[in-house]
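Reading through the C-alpha cells given below for one structure.
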Amino acid sequence: MEKYLSQLNDAQLEPTVQINGPMIIIAGAGSGKTRVLTYRIAYLMSKGIDSFNILALTFTNKAAKEMKGRIADIVGDEAKNLWMGTFHSVFAKILRFEGHHLGYPSNFTIYDTQDSQKLMGSIIREMGLDKDIYKTKQVYSRISSYKNSLVTVKAYFKNPELMEADAMARRPKMGEIYKEYVDRCFKAGAMDFDDLLLRTNELLTRFPNVLAQYQDKFRYILVDEYQDTNHSQYLIVRALADRFQNICVVGDDAQSIYAFRGANINNILNFQKDYDGVKMYRLEQNYRSTKNIVGAANSVIEHNKTKIDKIVWTANVEGEKVIVHRAMTDADEGRYVASTIWETKMNNQLPHSEFAVLYRTNAQSRAIEDALRKRDIPYRIYGGLSFYQRKEIKDVTAYLRLILNSADEEALKRVINYPARGIGQTTIDRLMVAANATGKTIYDLIKDIDSVSININSGTKNKLRDFVTLIESYKVMNQTANAFDLSEHVTKTSGLIRELSKDGTPEGITKIDNVQELLNGIKDFVEGQMELADAGDSLAEFLEDVALATDLDGDKGDPDHVALMSIHMAKGLEFGHVFIVGMEEDLFPSAMSMNTRSELEEERRLFYVAITRAEKQAYLTYTLSRYRWGKLIDAEPSRFIEEIDDEFVNIVTPLKEQRFNPMLDKSIFGDIEPNRIRFAKPKTAKMAKKKTKTKPENFEISAPKKMVPLSEAESDIDSFDKKLEVGSKVNHQRFGRGEVLKIEGVGADAKAEIKFQKGDVKKLLLRFAKLQIM
Ligand code: ATP
Ligand code: MG
C-alpha cells in the first residue's frame, strides 16, 4: 500500500480509497476532512486517473495551494495539472475560454468589491436617488444576493414579492439600479465576483455543448467546506457532476457560517437526495486539539437545536483548560493578549506564528494592534484591505486593466486624470453622459474626440488625445513585452512614480515601496509562468489573480507573526494558541443576529469554528466596558462562555485594573498569591457581572500550580542573578541540563546563553526560564 495512506486512520482511509460514485464526509472540526480530500486526490492519481480530469474546490486559494503542494510531495509534478482553487478563481478561468458565448471578451475585467461599489455609487448619483436611503453597501449586498440566488434582472421584474420587499424597505428603484448596473458592467466588459458564478451557471444552462465538454473534463470533483456553498455554487457543482457522478464533498454542518451571505446549509443536508447511491462517511477522531478544547467545543455546540448529531473525540493530551479572562476595557484586553503572548512565547520558546487572535468584527483589531505594537510583537492583520486594494496599487493595476480592456470604465475613471493631466471632473461627467447616451465606451469617445459633439474645449481635447496616445503606446508594447517589462514601463512613463515621489513623507515612501513590491510580484508571476508549457497571456492572468486575491493569499513579509483575523476568515486554519476576544453579549453573539433562533445558532457555530482552531490553548476574553460607536458601553460576558461545561474552563480574573479588586484587600485573602485565586463559575451572565464586582465569597482558592507565578519569579530575579554565573550548571524544565555560556543584562532584562546537553544553544530570559542551579 502507498506509504502516505498509513498516515490515515481506518475511518479516513475508507473514503480516501473509494474511487467512484457520489460520497459525502460529514465530520466535526479537526477530524481530517481536508486531509482526506488531499490524500484522496493523490490516491486517484496513483490509480491512473488523469490529473487533468480532477477538479477540487476549496475555501481559499491559499488552501488550494497548500493542498497542491502536499499532493506534489506525494505524486510529483503531475499535481501542477490539477484544477484547484476557489469557485471564483476556477470559474473565472473557464469564463476566459467560454465567456464569448455570453458576449464577454476573453480579456474581461473582474471588478472587485471596491470597483462594484464605486459603480453603484455613481449610478445612484446619476439617478438622483437619496444616498442615505440607497446606501451603496446595502444596495451592493442586495444585488449580490439576487445574483447568488440566480435572480437575473429579467427574473427580478417578474417577481412581485422581491419588488414589494424592496419597496417596503423604501428602495423601490432597486430593479432599475440592478438593470443599469448589469448593463454598465457588460458594456465595460467586466464581471463582478457574483457574475463569475452567475455567468458560469448561465453558460452551463444555455450551452449544453459547453456543459458536456466540462462534464467530460471534470470526471472527479471534490469540494471542501461544502456546508458553506451558496445556491449558485451548488448548481454549478451539480451540473458538472451530473454525468459521471464522481463527486466527493466534505463538510461540517456545525461550521456553516455564511448563511448571511447566502450559503445554504441544506446543500449538505440534502446531498443524499441529490445523487443516487450516496456513500456517507463520518470521521470522529479529532487530531488537532487537546481534550479540553474538544470538550469545550462539543459542549457549546450541543446548545444548537438544528444539527446533525456527531461524535468528536480526541486521543490527544488533556492540555490546559480554556482560560476565560475578564478585562476592564478593550485596551486592557489588548494588553492582556499581548502580555500573555509574550510570556507564553518566552516560557516555551515558541515562534509568533503559533498565536492567533480572532474576533467577531474587524473593528476590534485596533486595540489588539496597539497593545502588540507596544510590546514589539510582530503581527499581521488578515482580511483588512488586501495589498492589491491599496490606492497606489489599484492605480497601477488600473493602467494595466485599461491596456487589456479599454472598455473598463472603472479603470479609466481612476487613471484618466491621475497623475493630474488637466482633465477635469466636468469633462469626465460630460463624457460619461455621452457614453451612456450613445452606447459607446468613454475610451472610444475619446479616441474619436474630433467627431463627437461634446462641449469640450480644444485645450482639453488635446489632453485627451495625449492620454489616448499614451494608452495606445502601452497596448503596442503589450503585444511583444512581458507583463513585468510592461508594468515597469507604465509606472515610469505614466508619471505615477513621479507623483508618489513628490510626497516625501514616510507614507509616500511606503507607497513607492509597495509599487516596487507589486512589480516584484509580477516578475515572480512571469517567471513562474515561463515554467508552464501552456502559459497564456501573462498580464491577463496576473490581473485575474490580483482581482481574486484575498488577504490570505501570497503572504508577504516576515512569516513569523501573530495572526489577527475575523473568525470567518479563520475557517479551516489551525494555530497553537488562540485568543478569542470580545466574548460579550451584543458583540458575540452579535446584536444583529439575535432576533431569530437560526441567527443565534449561526453565531454559536461561529464560536464553534473559533474555538476549534486552537491546538493547545484557547483563551476567551471579555471586557466590562468597551468603546463602540464612539461611546463607552457596559458589556456583559457572552452567553457562550456559560455554555461551556465547567470542567473545561478556567475562569481567571485579571490581576490589575478591576473595578473591585479583592486581591488587593489583604483582610480577605491574607498573603495568598493573587494568581492562585479563581472565580467560581457564575451561573448567568448577569450574575457574573454583579457578583464578581461585589461578593468576595464567590472566589475560590485553587491549589498552587507548578508554574511559579510571575510576580514571585520577578522578585527572585535579583538574588538569582547573583548566584548564576558563566559556567553554572543549570536545569531547565523543558530543555534539560545545560551550562551557562554568557549572561547579559540585569534585573528583569537579564538573559543567559545556555548550551544544553541535547546540543542546542539557547538564549533565555531569566525571569521566565525558571532555571534550577545544579
Ligand atoms: P476543519 O473542520 O477545521 O476544516 P478538518 O476536518 O479539515 O478540520 P484537517 O485540517 O484535515 O481537519 O486536520 C486537522 C489536523 O489534524 C491537521 O493538522 C491534520 O494534519 C491532522 N491530522 C488529520 N488526520 C490525521 C491523522 N490520521 N494522523 C495525524 N494527524 C492527522
Ligand atoms: Mg478542513
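What follows draws every value from the coordinates through simple rules; no lab data is involved. The model shown is predicted, which means the values in this text are computed figures rather than measured ones. Neighbour counts are summed over all protein chains in view; Cβ atoms, including those assigned to glycine, are modelled from backbone coordinates with ideal geometry.
Once the Cα atoms are used to define both axes, helix 365-374 deviates from the longest principal axis of the chain by about 60 degrees. Taking the Cα centre of segment 458-520 as origin and assigning +1 to Lys and Arg Cβ atoms and -1 to Asp and Glu Cβ atoms, the resulting dipole is close to 400 debye. Helix-only arithmetic for the chain: the sum of -39500 (n - 2.57) across DSSP H runs with n ≥ 4, divided by the residue total, places the mean residue ellipticity at 222 nm at -14000 deg cm²/dmol. For the chain, the calculated P(r), taken from all Cα-Cα distances in 10 Å bins from zero up to the bin holding the longest distance, is 2, 12, 19, 23, 20, 14, 7, 3, 0, 0 percent. For the residue pairs 3/279; 131/173; 729/762, alpha carbon separations beyond 23 Å are given by 3/279. Show log10 I(q)/I(0) for segment 1-80 at q = 0.21, 0.23 Å⁻¹, two decimals, from a solvent-free Debye sum over equal Cα scatterers. Here the Debye-derived log intensity ratios amount to -1.04, -1.27.
Taking the charge dipole of the chain about its Cα centre, with +1 at Lys and Arg Cβ atoms and -1 at Asp and Glu Cβ atoms, the residue from 592, 213, 377 reaching farthest to the positive side is 592.
Rank by packing, highest mean first: peptides 246-259, 60-73, 417-430, with packing defined as the count of other Cβ atoms within 10 Å averaged across residues.
Most protected by this proxy first, the peptides run 246-259, 60-73, 417-430.
Note on the chain: antiparallel DSSP beta bridges, both residues inside, total approximately 35 percent of the bridges counted. Residue by residue, segment 44-49 carries 3J(HN,Hα) couplings of 4, 5, 5, 8, x, 6 Hz when phi is fed to the Karplus relation 6.51 cos²θ - 1.76 cosθ + 1.60 (θ = phi - 60°); x denotes Gly or Pro.
Here, segment 252-410 yields an orientationally averaged convex hull projection of 16.0 nm² when only Cα atoms define the hull.
Sort 4-14, 355-365 for me by packing, meaning the mean count of neighbouring Cβ atoms within 10 Å per residue, highest on top. Please list the in-between numbers first.
Values: 4-14: 15.5, 355-365: 22.1.
With the highest mean Cβ count within 10 Å placed first, the list reads 355-365, 4-14.
For segment 1-135, the direction-averaged projected area of the alpha-carbon convex hull comes to 12.6 nm².
Kindly state, as a whole number, the per residue volume in cubic angstrom of the convex hull around the alpha carbon atoms of segment 368-463. Working shown, then result.
Details: hull volume 13.6 nm³, N = 96.
Per-residue hull volume (Cα only) is 142 Å³.
Rounded to the nearest 20, the size of the Cβ-charge dipole of the chain about its Cα centre is 1120 debye, with Lys and Arg at +1 and Asp and Glu at -1. When restricted to Cα atoms, segment 240-340 yields an Rg and a Dmax of 19.0, 60 Å, respectively.
Percent of Cα pairs in segment 389-529 per distance bin of 5 Å, from zero to the largest separation: 2, 9, 19, 21, 19, 13, 10, 5, 2, 0. Computed over segment 84-237, the alpha-carbon pair-distance distribution with 5 angstrom bins reads 2, 8, 18, 20, 19, 14, 10, 6, 2, 1, 0, each value a whole percent.
Can you compute the equivalent ellipsoid semi-axes for segment 122-182, i.e. the square root of 5 times each eigenvalue of the Cα gyration tensor, sorted largest first and rounded to whole Å? Display every interim value, and only then the final one.
Values: eigenvalues 61, 31, 22 Å².
The three semi-axes for segment 122-182 are 18, 12, 10 Å.
Exceeding 23 Å between C-alpha atoms, which entries from my cross-link table qualify? They are 413/463; 345/511; 65/523; 118/463; 394/511; 291/374.
Details: 413/463 15 Å; 345/511 33 Å; 65/523 19 Å; 118/463 25 Å; 394/511 11 Å; 291/374 34 Å.
Beyond 23 Å between Cα atoms: 345/511; 118/463; 291/374.
Per-peptide packing, taken as the mean over residues of other Cβ atoms within 10 Å, places 46-56, 23-33 in the sequence 23-33, 46-56 from highest down. May I ask which residue of 621, 652, 728 lies farthest towards the positive end of the charge dipole of the chain, with charges of +1 (Lys, Arg) and -1 (Asp, Glu) on Cβ and the Cα centre as origin? Highest projection toward the positive end goes to 652.
Taken about its Cα centre, segment 122-182 carries a charge dipole of roughly 160 debye when the Cβ of each Lys and Arg holds +1 and the Cβ of each Asp and Glu holds -1.
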